[in-house]
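Worksheet: one structure, shown below.
The values are calculated or read from the model by the stated rules, or taken from the named source; none is laboratory data. Being a predicted model, the structure only gives us computed values, none of them experimental. All Cβ positions, even for glycine, are placed from backbone atoms using ideal geometry, and neighbour counts span all protein chains on display.
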Amino acid sequence: MRLSTLVYMHKNMEKMEPLLYDVIVVGGGISGLSAAARLKQFHVKSLVIEAASIMGGRMRTHQETNLELGAQWIHGGVNANSLYNYAIQKGVLNKENKIQEDSEKGIFFYTSTGRMIDLETSQKAWEIHERIVDESENYPKGGNGVQISLKSYYEKQAKEKLKELRQVAKNKTFSGEYESDLDYDEEDLKLAMDALIIQFEAYCGDTLDEAGVAVYGTSQELPGGDVPFPSGTSSVIRELEKEIDERVMNTKVTRIEWKDDSYFISTEERPEAYRAKHVILTVPLGVLQKKSITIEPPLGVAKETAIANLRPGRISKVFLHFNEPFWIPGEGDIIFLWTKKEMEQGVKSKDWTTRVSSIHELESCPNWMVMWVSGDAAVIVDSIDDEQVLKGATRILRRFTGDPGISVPDKILRHPWLADPLTLGTWSYPSIHSKHQDYYELMRAMPSPENPRLLLAGEHVHPQYWSFMHGARLSGLEQADKIIKYMGKMKPKQNGISAAK
């Protein structure tokens, strides 16, 4: 069916019976598009219903600058990564830009009094910080049954590692492997470790009080480094769009109801507009939690508990353009060392600036910097206007660098993912209430694995690669495969997309 015909039919649905499909995919992000492309490959008729005016979900590239407003990298440039393989096959990546190499440039730590701490101390703090982050990712899977927060874990590990350094200094071991370990300022090192917890928040996806370390360690990060898309994440979305059957845009699904041996899909425009034997629901976790879509019969206690246990991320990513950059090229990575008292006061006064962890120059886009805000502060940032954000960012930079001459950025780019009703969050993470089994429950088909009628997909459901783009893609492929197997259609089209994950 041609798209123009489908649009005409969509506009005249009040005169028609529900349009019938084998599968309806709700949501046109990478999980939904990957599922629909897989279904088409195996001769399964599907329809993607997308509420926004463009496909891609939280993968969105600003076309004029090539800046990523949402997801940014492929995490893991290796053959085991489905998304990496697909991008190579489609020519939107090549092996020359396979891995984004770590830069040799330094990271500069500034206090709120406008003082830059010495590079030896900042380097030592960063090394400890990265060790703690790595250790949290390798935390014993499932823990010992006692779930603690990432904040408690981080603070405990930081305290122990600082104690170890003090013991080295006390023993006056100034030779061999310990010599460089003693080249730091103890008070500044403690200040840095207290503040770097916000940096971890920007990586985790939210404040660390709610994040559970036992399940956090179950996410498997692939080797191969972080791989950027030369033409943006939207380039891979455009490739997937070429490989799906039909789609409807600007259409919000409001109800999914099973009756008469089919699912009936209602939209804002018309009740029971579509009908299908199977549904793959790929809306983000925040939308599921808000229950913006009524599902009958309900998902059930196990799935609803799993959904409630997880958390949609709360990160605001803000790009700032300076007509006259204040930094020296290669020295524009700044970590803000807020004191504990300043952070606590900021929470009480709802001052979002005290949860800004860092700001970084963008080598690929001269004159641009990116600022990260987490937790409740990110919610505030996503609810205020651009002028307020620009003033707040300028105030932080002037205060921490001690340079009152820093100009207000002349441009700002961002997308308020937390305020967007179609997303209501960034990348998900497990809370202190989560269990690893929650992910397996979310991947389990309804009403049963033997009868896959309603399936969930997205970065929030994959047991191994939750929160990653390749996890979102894999969830769509794996859920589509369950339907394909159920329908007995295991032979792909000869001219379809590659069957390999």
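Tabulated data
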quantity: Hits in the stretch 200-249 (condition: of a type in the set (D, E, K, R), surrounded by 22 or more Cβ atoms within 10 Å (Cβ to Cβ) and in a helix (DSSP H, G or I)); calculated: Glu201
quantity: Subset of the stretch 394-416 (residues that are in contact with a helix residue (DSSP H, G or I) (Cβ under 7 Å, 6 or more places away or on another chain) and without any contact (Cβ under 8 Å) to a residue 24 or more places away in the chain); calculated: Pro404, Val408
quantity: Boolean, Gly232 is touching a Ser or Thr at 6+ places or on another chain (Cβ under 7 Å) and of a type in the set (Gly, Ala, Ser); calculated: yes
quantity: Test for Ala378: is it within 28 Å of Lys290 (Cβ to Cβ), in contact with a strand residue (DSSP E or B) (Cβ under 6 Å, 6 or more places away or on another chain), at pLDDT 95 or above and outside any strand (DSSP E or B); calculated: yes
quantity: Residues located in the stretch 393-418, provided they are part of a helix (DSSP H, G or I) and surrounded by fewer than 15 Cβ atoms within 10 Å (Cβ to Cβ); calculated: Arg395
quantity: Residue that is surrounded by the fewest Cβ atoms within 10 Å (Cβ to Cβ) [pool: residues in the stretch 250-291 that are of a type in the set (S, T, N, Q) and either over 28 Å from the mean Cα position of the chain (by Cα) or in a strand (DSSP E or B) (or both)]; calculated: Thr254
quantity: Of all residues in the stretch 306-344 being surrounded by 15 or more Cβ atoms within 10 Å (Cβ to Cβ) and of a type in the set (Val, Ile, Thr), the one that is farthest from Ala378 (Cα to Cα); calculated: Ile307
quantity: Residue check for Gly488: surrounded by fewer than 24 Cβ atoms within 10 Å (Cβ to Cβ), in contact with a helix residue (DSSP H, G or I) (Cβ under 9 Å, 6 or more places away or on another chain), of a type in the set (Gly, Ala, Ser) and at pLDDT below 95; calculated: no
quantity: Condition check for Leu93: aliphatic (A, V, I, L, M), surrounded by 22 or more Cβ atoms within 10 Å (Cβ to Cβ) and within 19 Å of Gln464 (Cα to Cα); calculated: no
quantity: Unmet criterion (only one of (1) out of contact with any Phe, Trp or Tyr (no Cβ under 8 Å at 6 or more places or on another chain); (2) outside the structural domain of Ala472 (by TED's automatic domain parsing)) for Lys290; calculated: (2)
quantity: Qualifying residue in the stretch 298-315 (condition: closer than 17 Å to Ser46 by Cα, assigned to a strand (DSSP E or B) and touching a strand residue (DSSP E or B) at 6+ places or on another chain (Cβ under 6 Å)); calculated: no
quantity: Single unsatisfied condition, Asn309 versus (1) over 22 Å from the mean Cα position of the chain (by Cα); (2) farther than 21 Å from Ile107 by Cα; (3) among the polar types (S, T, N, Q); calculated: (1)
quantity: Pair list, Cβ < 8 Å and 6+ apart or interchain, from the stretch 25-45 residues that are modelled with pLDDT of 95 or more to residues that are part of a helix (DSSP H, G or I) and of a type in the set (Lys, Arg); calculated: Ile30/Arg473; Ser31/Arg473; Ser34/Arg473
quantity: Residues satisfying the stated conditions in the stretch 316-353, i.e. among the aliphatic types (A, V, I, L, M) and part of a loop (DSSP other than H, G, I, E, B); calculated: Ile328
quantity: Candidate set: the stretch 119-174, residues that are under 29 Å from Thr218 (Cα atoms) and of a type in the set (S, T, N, Q); chosen: the one modelled with the lowest pLDDT; calculated: Asn144
quantity: Any hit, the stretch 356-372, residues being assigned to a helix (DSSP H, G or I), within 22 Å of the chain's Cα centre (by Cα) and at pLDDT 90 or above; calculated: no
quantity: Sole exception among (1) free of Cβ contacts under 8 Å to residues at least 24 places away in the same chain; (2) at positive phi for Lys391, by number; calculated: (2)
quantity: Lys435 vs. criteria touching a strand residue (DSSP E or B) at 6+ places or on another chain (Cβ under 8 Å) and over 16 Å from Ile74 (Cβ atoms); calculated: no
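Yes or no, residue by residue, for (1) among the polar types (S, T, N, Q); (2) more than 30 Å from Val370 (Cα to Cα); (3) touching a residue at least 12 places away in the same chain (Cβ under 8 Å):
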residue	(1), (2), (3)
Asp260	no, yes, no
Ile280	no, yes, yes
Leu288	no, no, yes
Lys291	no, yes, no
Leu310	no, no, yes
Ile315	no, no, yes
Glu324	no, no, yes
Glu331	no, no, yes
